[in-house]
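Chemist: There's a structure below that I have some questions on.
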Amino acid sequence: HLSDTENELFANETIEYQNNSSDTLAEIYFHLWPNAYKNDETAMAKQLLENGETQFYYSSENKRGYIDGLKFSVNQQAAVFEFDKSFIDIGKLILNEPLLPGQSITINTPFHVKLPSAEISRLGYLGQSYMISQWYPKPAVYDQKGWHTMPYLTEGEFYSEFANFDVKITIDKNYILGGSGYLQNGNEIGYNYQDDGVKVSIPKKQKTLTWHFIAPN
């Protein structure tokens, strides 16, 4: 859910994580990339300064952002989560039991994101426009070279896992939302997303709409 008065996200995430490697995993690393906007000690902040961009370094607290409210569970059992000592936008979920090759687990956590100003980099808000990217706790890639736990940078691309995404986003009904994948409920949303011939009438008393997307693989 997006609050466009406080510029905040309130969310819950459930991940069906399958170990496709030939190794047994004792932990799973996560990217918490909104934390790149938390202070001037992050990898992104340092890169901006190296590039001669001082806006973020001198920015006020209300223009910065972060992710918090994390409470991880694995298969409905509480699990320990630790932040990386060097990068606050990386964390490690310690599994209660080793995850064997081919096995799957269910990971869940609520979370909250305070959005930064989009004048800084790729995530954030400009007035009443929202650019929401790299916003959720995101499993790092584990491949033949091990875990790839790079921090968020303002320049560079992301090495990310493939997955089947099923996402519901609730926002004020006056917004039009563009998202990855395929909209599932165009006949509820309107805005020319509905089937031909279907008229969508949203009650005046209804303040929000929930957009439902799926994105296979």
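The values are calculated or read from the model by the stated rules, or taken from the named source; none is laboratory data. For clarity, every value in this text was computed on a predicted model and none was experimentally measured. When we count neighbours, we look across all protein chains shown, and the Cβ atoms used for this are built from the backbone with ideal geometry, even at glycine. We work out accessible area using only protein heavy atoms, side chains counted, and drop any ligands, DNA or RNA first. Shrake-Rupley method; radii C 1.70, N 1.55, O 1.52, S 1.80 Å.
Chemist: Scanning region 1-38 for residues that are part of a loop (DSSP other than H, G, I, E, B) and open to solvent by less than 50 Å² (accessible area, probe 1.4 Å), which turns out nearest to residue 144 (Cα to Cα)?
Modeler: So, considering only residues that are part of a loop (DSSP other than H, G, I, E, B) and open to solvent by less than 50 Å² (accessible area, probe 1.4 Å), the one nearest to residue 144 (Cα to Cα) is 21.
Chemist: Look through region 61-74, keep the residues that are in a loop (DSSP other than H, G, I, E, B) and under 15 Å from residue 96 (Cα atoms), and return whichever of them is most open to solvent (accessible area, probe 1.4 Å). Let's see the steps before the verdict.
Modeler: Residues of region 61-74 that are in a loop (DSSP other than H, G, I, E, B), as a first pass: 64-65, 69-72.
From the residues that got through so far, the ones that are under 15 Å from residue 96 (Cα atoms) too are 71-72.
Values: 71: 153, 72: 12 Å².
Ranking the candidates gives 71 first.
Chemist: Any residue at all in region 52-73 that is hydrophobic (A, V, I, L, M, F, W, C), out of contact with any Cys (no Cβ under 6 Å at 6 or more places or on another chain) and more than 30 Å from residue 208 (Cβ to Cβ)?
Modeler: Yes: one or more hits.
Chemist: Could you please let me know if residue 121 is among the polar types (S, T, N, Q) and exposed (fewer than 15 other Cβ atoms within 10 Å of the Cβ)?
Modeler: no
Chemist: Within region 75-95, track down each residue that is assigned to a strand (DSSP E or B) and either small (Gly, Ala, Ser) or surrounded by 13 or more Cβ atoms within 10 Å (Cβ to Cβ) (or both). Full working, then the answer.
Modeler: Going through region 75-95, the residues assigned to a strand (DSSP E or B) turn out to be 77-78, 80-83, 90-95.
Answer for region 75-95, where residues must be assigned to a strand (DSSP E or B) and either small (Gly, Ala, Ser) or surrounded by 13 or more Cβ atoms within 10 Å (Cβ to Cβ) (or both): 78, 81, 83, 90, 91, 92, 93, 94, 95.
Chemist: Here are 142, 130, 125: which of them is of a type in the set (Ser, Thr, Tyr) and either touching a helix residue (DSSP H, G or I) at 6+ places or on another chain (Cβ under 9 Å) or more than 30 Å from residue 16 (Cα to Cα) (or both)? Steps first, answer last, please.
Modeler: On the way: 142 fails: either touching a helix residue (DSSP H, G or I) at 6+ places or on another chain (Cβ under 9 Å) or more than 30 Å from residue 16 (Cα to Cα) (or both); 130 fails: either touching a helix residue (DSSP H, G or I) at 6+ places or on another chain (Cβ under 9 Å) or more than 30 Å from residue 16 (Cα to Cα) (or both).
The unique qualifying residue is 125.
Chemist: Turning to a different aspect of this structure: Going by the conditions given, is residue 184 over 14 Å from the mean Cα position of the chain (by Cα), among the polar types (S, T, N, Q), under 21 Å from residue 14 (Cα atoms) and at pLDDT 95 or above?
Modeler: yes
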